[in-house]
1. Where in region 241-350 are there trypsin sites (Lys or Arg not before Pro) that are in a DSSP coil and have at most 13 other Cβ atoms within 10 angstrom of their Cβ?
2. Out of the total accessible area of the chain (probe 1.4 Å, heavy atoms of protein only), what percent is carbon and sulfur?
3. About its Cα centre, what dipole magnitude does the chain give when the only charges are +1 on Lys and Arg Cβ and -1 on Asp and Glu Cβ, stated in debye to the nearest 20?
4. Could you name the lysines in cross-link range of K252, using Cα to Cα under 23 Å and dropping any fewer than eight places away on the same chain?
5. Among G449, P280, H84, whose Cα projects farthest towards the positive end of the dipole of the chain, with charges put on the beta-carbon of Lys, Arg (+1) and Asp, Glu (-1)?
6. So which cysteines in the chain don't have a second cysteine's C-beta under 4.7 Å from them?
7. Please sort by residue number the GluC sites (Glu not before Pro) in region 545-654 whose DSSP state is loop and whose Cβ has at most 15 other Cβ atoms within 10 Å.
8. Assuming a ≥ b ≥ c are the square roots of the Cα gyration tensor eigenvalues, decide whether region 323-462 counts as rounded (a/c under 1.5), prolate (otherwise, with a/b larger than b/c) or oblate.
Amino acid sequence: MTEPRSLMTLSDDVSVTSSTRVPLFGADLTRRQKATALGICSAESASQLFFEEGYDFVAIPLTTEDLKYRVESLAPTDKLAEFHEVEVGYYPNEFTNQVFGLASPWIELDSDDPLVVQRSSEVALREAEYAEYCGLQAVILFGPRNSTNSMQYGAVIMELLNKTNIINIFVRIDISNNEADYFSSWKVWQAIRTACDYHPRLHVALEMPIKESPPIELISRWYAEPIGVLIMSCLTFVANPKGYPVLGRKHKAILSLFLQLKPRLLLCDNDEPNRVGASPDYSIYLKHLIKTQPPPPVVEDFAEGYKDYLQIPLQPLSHDLENITYEVFERDPVKYAQYEQAIHAALADRPEDSVTRIAVVGAGRGPLVDCALRAAIQSGRTVDMIALEKNPNAFSMLVKRNREDWASKVTLVFGDMRQWRPDYKVDILVSELLGSMGDNELSPECLDGAQAVLDEETGISIPSSYVPFVTPIMSQKLWTEARKLGNGAFDRAYVVLMNAFDFIATDDEYRFQPLWAFHHPDRAAIQHVDNTHNKRHAHVRFQVSTPGVVHGFAGYFEATLYKDISLSILPTTMDVKSPDMFSWFPMYIPVQNPIYVPENSQLEFQMWRQTDGTKVWFEWAANSYTILRNGKHIELSSTRIHNPSGKVSYCDLS
Ligand SMILES: C[S@@+](CC[C@H](N)C(=O)[O-])C[C@H]1O[C@@H](n2cnc3c(N)ncnc32)[C@H](O)[C@@H]1O
């Protein structure tokens, strides 16, 4: 393994930074970019050879069969005590930090026989303690054979975790061991990790299928789980015409998906008589496969190292943003290209010989002013440019840019757009005050005030509308990251580039549900003083056909800038509306208690956009139920209201 000893536990440090929509690079230099590691099951005597063959780690049995014989001969009252010399399979050596321990395969923590459970627990605990003593990264135990005893198995694992300090426990589970119920092994894992209260040192050692290929829904469920190692049998490989081991098309596709998680790949069954190829052939092939994976999407490339990293959303109204934040905004060419196109289209709709007054409100360091000026040149229209900003630091930058780049032709206004009342009217009001769910950075409230300057007949707002969308997700990673943040962590939403997660809603057409909309200009809004017109409530339903656990909801937005020119971070439309745009990561809206949803159940989500005139906040809740054949609704579970009265998180209107 590549991690230094000081970073031995697999769980990263609490990862949260404040105030951003995308990562601020340099904010945390300690974060490492992980790479896929290759390992192989080995006896201690052969491990050196495997390192020479290019493997990054080995998994070694901690004890020998002699231990089994002794345990079988013990009387019920005998103690296991220390290992005898012949029973020890591994001694610490210079490769210790590249070794995983394999627990005895013959122990049965889920047996129906209490004595077997007791003996097995003793052995498992001794082995885990020994592995920890040796300084190994993790110990891998076989998962329960008897799925009805998963809770009992979980109780023993919890004891191991409680009695050890740093060793990671990997539970070996076959991705699909039951064709009648593909999700049965996932349900076993779900029972164990729930029994262990999502312990940060508990991971799954997931066994890839050897022959059959499970459905994609199951693969993507597992993708969202904390995979400590991905176990591949050498028997999964087939010989190519030259006799070298390769993977078939389906296995290659499954592996390619998991490779995005940069897993530890562990080859086993390498001593089976009917396997193909020699040991280095596997590592050469797998390394080639890893190297030839398609490049990640632009957004992931931009934010590598920040996947699943929780960030507090920006509050550009009540906080003055820093230079670096503006710099990060300006790295996304797509957002500005869309705005430029929208301004161009709006100008083209104006009479040819008119002078169009354009105001960029919340101009920051001026990139949208550049867009408007370029659009004016391209459309051959004469414009009168105004740039307004309330951040005094960014305003200084506008002053400098006006002199150096805009020949002092731009009228600069310092102040809050909500109170701006010039003695002229504006034709096009351009703003970018959008959050990951559209209205969550208070664009509606700011534009309600600013729109007073718009020409009442012909005034245009860019954007003209925006809509937030949500969908339920399963993600142990995001949920446990939130939990680490302590009090109030489940009463706020986070901006995050989600990676280890899965969608729970199975109906493609209704997977992402719109919550509400805001339109600008909104003439009715000018009349309101208490902001109640910006309250919203949505109640949406999702169909669930495969079992899962809801750890929260993912939030997205779509915005119409002008006519058919839009911005979107919604997975179903982003590639068409604003491909490769990376200005906004989705929101993670957590629930405090994960909601188990069985197959063929329904999930409801409610969200409220609340305001008391001084602040705006969001509240949310969810519930699940099934519908019986006779149409009766059976309630399964429901959450509390999160963030009631905005007690934990809110956006200040002052
Ligand atoms: C998300 S940034 C966009 C900056 C720039 N237009 C861009 O696209 O790179 C929003 C800007 O609006 C400013 N802002 C927010 N609320 C404002 C208000 N009520 N009045 C004036 N400026 C505001 C913030 O200070 C910030 O500079």
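The values are calculated or read from the model by the stated rules, or taken from the named source; none is laboratory data. Note that the structure is a prediction, hence the values are computed from the model and not measured. Cβ atoms come from the backbone with ideal geometry, glycine included; neighbour counts cover every protein chain shown. Surface accessibility is based on the protein's heavy atoms, side chains included, excluding ligands, DNA and RNA. Shrake-Rupley method; radii C 1.70, N 1.55, O 1.52, S 1.80 Å.
1. Filter output for region 241-350: K242, R331.
2. 52
3. 820
4. Partners found: K34, K211, K242, K262, K287, K291.
5. Farthest towards the positive end: G449.
6. Cysteines of the chain left without a disulfide-compatible partner: C134, C196, C234, C371, C446, C651.
7. Within region 545-654, the qualifying GluC sites (Glu not before Pro) (loop, at most 15 other Cβ atoms within 10 Å) are E599.
8. rounded
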